[in-house]
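Rule-based calculations on the coordinates, nothing more; no lab input. Being a predicted model, the structure only gives us computed values, none of them experimental. Cβ coordinates were reconstructed from backbone atoms using ideal geometry, including for glycine residues, and neighbour counts include every protein chain displayed.
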Amino acid sequence: MRFIETWIPATLASTRDIAPGIREFLIRPDQLDITAYPVGSHINVSVSIDGLPETRSYSLVGEASPAGFKIAVRRTDDSRGGSRYMWSLQPGARLDITQPASLLAVDWARDNYCLIAGGIGITPIFGAAQALARRGARVALHYAVRSRGEAAYLDDLATMLGDRLVVHASDEGRRLDLDALFASIPTGTLALFCGPMRMLDAARHAWIGAGHPLPDLRYETFGSSGTLPTETFRVRLKDSNVELEIPRERSMLDVLNASGHDVMYDCKRGECGLCAIDVVAVDGEIDHRDVFFSDHQKQSNQKICACVSRARGTITVDTLLRADAV
Ligand code: FES
């Protein structure tokens, strides 16, 4: 059950492999007048997984272009099926997408900007780097990757930023030290981050530890990244005999809604909290993958964002209570 979701038809115009396991897709909406969007925007793409419709959210790469929307998709072994579907598409394929939306508010009037990307998290950061470089802003991009050979858009970024691009390649023994980085930047710096959940947690702690105001750290994350592997788990519904299996390629939200247990949602990215439901019991472990709840709320395990969070084992939930009761 979603409030507003407007789908528009589009065509996959072209694909390009930009790094091992990372493919760029140029998607052209039928209505070409809607290609403008703010930096940090994403689109939802309707994908088909085992014959069932699902939605996946992808950040748009770079600033808006009349050529269409560019996304980059990393194919992972831990995929829930979205990347496998995207990689199966050939140019000319028809797609349904949503209009771009941005949750990464950029304040363009700061004296300093610090961009941090972890792996494929470079996708929303690329456009911010482009826009800031074009404006002549004081900006540095810290790009954490396993190796330079696996880093998407490295040459483009080097051309754009020169020595303001700092690559932290773990195979070179140069890991990103977020504590040291944030301690070294002046107060008032705006930091834009995109990376996996574990790295985001570290960034938030380091940012607060360095004495910066939390609102000055703006972030995007991937709903697919958690601390546990993506596995099948079970959900019991309180006061009923219903027990559902959540396969690795589907979300708890989708399974609950498909089985008639209406759960409201909006972003499906772990950001808005609308899909939060009460947890009554945990026989296993919850893997909170949202950015809506605080660390304290996650530790208490009283609620779970059904759109992105997962579990190991079996959890019992009550779908009647919603996030507005938090
Ligand atoms: S729908 Fe927004 S957090 Fe789940």
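So here's what we get for this one:
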read-out	value
Whole-Å distance, taken between Cα centres, linking the stretch 48-80 and the stretch 165-181	27
Kirkwood-Stokes translational diffusion coefficient of the chain, alpha-carbon pairs, 37 °C, 0.692 mPa s, µm²/s	160
Relative contact order [Cα under 8 Å, 6+ residues apart], the chain, whole percent	14
Spread of Cα-to-Cα distances over 5 Å intervals beginning at zero, given as percent, for the stretch 7-102	3, 14, 26, 28, 19, 8, 2, 0
Among Asp33, Asp254, Asp96: highest mean-square fluctuation, GNM of the chain, C-alpha pairs under 10 Å	Asp33
Residue-span extension gain [Asp33 to Ser46] - 0.36 nm each, minus C-alpha spacing	2.6 nm
Cα-based reach from Lys70 at 28 Å (exclusive), listing lysines while leaving out same-chain residues under 8 positions away	Lys268
Förster radius 30 Å - calculated FRET efficiency between Thr11 and Arg135 (Cβ-Cβ, nearest 0.05)	0.40
Sites Ala202 and Thr314 - FRET efficiency at Förster radius 41 Å, r taken between beta-carbons, to 0.05	0.85
Hull volume in cubic angstrom per residue (convex hull over the Cα atoms of the stretch 113-221)	93
Asp177-Asp111 FRET efficiency (beta carbon distance; Förster radius 30 Å; 0.05 resolution)	0.80
Cβ-defined net charge surrounding Pro91, 15 Å radius [Lys, Arg +1; Asp, Glu -1]	+3
Full-stretch length increase - His296, Val242 - with 0.36 nm per residue and alpha-carbon distance subtracted	16.5 nm
Label-point separation, Ala210 to Ala158 (7 Å along Cα→Cβ), nm	2.5
Under 14 Å, Cβ to Cβ, from Val145 - net charge with Lys/Arg +1 and Asp/Glu -1	+1
For the chain, calculated [θ]222 nm from helices alone, where every DSSP H run of n ≥ 4 adds -39500 (n - 2.57)	-5000 deg cm²/dmol
The chain: antiparallel DSSP beta bridges as a percent of all, rounded to 5	65
Test item: Cα-centred dipole of the chain, Lys/Arg +1 and Asp/Glu -1 on Cβ, debye	480
Among Leu176, Leu141, Leu32, residue whose mean-square fluctuation peaks in a GNM of the chain (springs only between Cα atoms under 10 Å)	Leu32
For the stretch 233-325: Kirkwood Rh in Å [reciprocal of mean 1/r, alpha carbons]	12.8
Pairwise centroid distance, computed over Cα atoms, of the stretch 20-37 with the stretch 113-146, Å	20
Per residue Cα convex hull volume in Å³ - calculated over the stretch 21-180	137
